[in-house]
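The values are calculated or read from the model by the stated rules, or taken from the named source; none is laboratory data. Keep in mind that this is a model prediction, so the values were computed, not measured. Every residue, glycine as well, gets a Cβ built from its backbone with ideal geometry; the counts of neighbours run over all protein chains shown.
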Amino acid sequence: MKLNTAKQKMLEGKPAFGYSAKSGSPVVAELLGRSGVDFVLLDGQHGSWGAESIVQGIAAVCATPAMPFARVIHNTYAEIARLLDAGVLGIVVPMVDTVEDARAVAAACRYPPVGERSFGWGRAVNYGDDYSDWIGEQLFVAVQIESVQAVENCEAIMAVPGIDGCMTGPADLALSMGFHPREAINRDDHARLLERIAQACRNTGKIPGIDTGVPNQAPLRVKQGFRFIPMGADVRFLAAAAASGLTMAKD
């Protein structure tokens, strides 16, 4: 059995910290996995991964202590099942606004009788012949709550069997509320919706998560009760370090 150490930390009430890999480079994904984070989230929605490279990225993260997580582009059975069969231990599905959306996610992720996942797998065979015996317990399934409609339905969404938690998208939530994401940090109405999401997770015994964008926002979100914490992406880190290096060179 492969223990999903990131999920276990969250179930124990502790935060799990991770980085997003958007560059499409398995080498960079491996470097992130060796940084000490609990998971690496291969971003298939906003990243540069292709159908083959994301499988290589999963393999690269599997060679590190971090858990291999991935975000799909759409809430479709085909996209979710492909990454599960490739060996991810966490799946994030964007734009889940209704209970029906959440049920579709659970159906794609879980074997019967909970879901409708087809029996069989690809590189997940590396986990051993007992994979199907434990993956239902070890897989972390998170839906994204990133619209006003999703917040209104959040407690019902979180109550869906097979859903372990959520990942809030603060930027898309701000857009759904009618203002630019850069204003969110100073908006009380935005903060109240984030609290409603965290409370819905507490009420249903599920794991609240949020994309902090940058690591220095992580302590605030942990204090607010969030436990699934992606906190920045490889492309931003590289761009910032490159710009900082040039600044130092010119001083």
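Select from region 179-228 the residues that are without any contact (Cβ under 8 Å) to a residue 12 or more places away in the chain and at positive phi and list them in ascending order. The answer is Gly205, and nothing else. For region 1-28, residues that are under 16 Å from Ile91 (Cα atoms), touching a strand residue (DSSP E or B) at 6+ places or on another chain (Cβ under 7 Å) and in a helix (DSSP H, G or I) total 4. Out of curiosity, is Ile91 β-branched (Val, Ile, Thr), in contact (Cβ under 8 Å) with a residue 40 or more places away in the chain and either farther than 21 Å from Val214 by Cβ or not in a helix (DSSP H, G or I) (or both)? Yes, satisfied. Residue pairs whose Cβ atoms lie under 8 Å apart, separated by 6 or more positions or on different chains, with the first residue in region 53-67 and assigned to a loop (DSSP other than H, G, I, E, B) and the second modelled with pLDDT under 95, do not occur. Output the residue which, of all residues in region 106-134 that are part of a helix (DSSP H, G or I) and among the small types (Gly, Ala, Ser), is surrounded by the most Cβ atoms within 10 Å (Cβ to Cβ). Among those residues, the one meeting the criterion is Ala108. Only a single item in (1) among the β-branched types (Val, Ile, Thr); (2) exposed (fewer than 14 other Cβ atoms within 10 Å of the Cβ); (3) under 20 Å from Gly47 (Cα atoms) is not met by Ile210, and it is number (2). Screening Ala174 against (1) at positive phi; (2) crowded, with 19+ Cβ neighbours inside 10 Å; (3) touching a Lys or Arg at 6+ places or on another chain (Cβ under 8 Å) leaves a single unmet condition, (1). Residues in region 225-251 that are modelled with pLDDT of 95 or more and part of a loop (DSSP other than H, G, I, E, B) were compared, and the one that is surrounded by the most Cβ atoms within 10 Å (Cβ to Cβ) is Phe226. Restricting the search to region 135-161, which residues are under 13 Å from Gly87 (Cα atoms) and either among the hydrophobic types (A, V, I, L, M, F, W, C) or assigned to a strand (DSSP E or B) (or both)? Once the filter is applied, which keeps residues that are under 13 Å from Gly87 (Cα atoms) and either among the hydrophobic types (A, V, I, L, M, F, W, C) or assigned to a strand (DSSP E or B) (or both), region 135-161 yields Ile135, Leu139, Phe140.
Go through region 57-81 and count every residue that is over 10 Å from Phe39 (Cα atoms), β-branched (Val, Ile, Thr) and buried (at least 19 other Cβ atoms within 10 Å of the Cβ). Adding up the residues that qualify gives 3. Filtering region 162-187 to residues that are outside any helix (DSSP H, G or I) and of a type in the set (A, V, I, L, M) leaves Ile163, Met167. Residues that are over 20 Å from the mean Cα position of the chain (by Cα), under 25 Å from Gln8 (Cα atoms) and polar (S, T, N, Q) do not occur anywhere in region 152-171.
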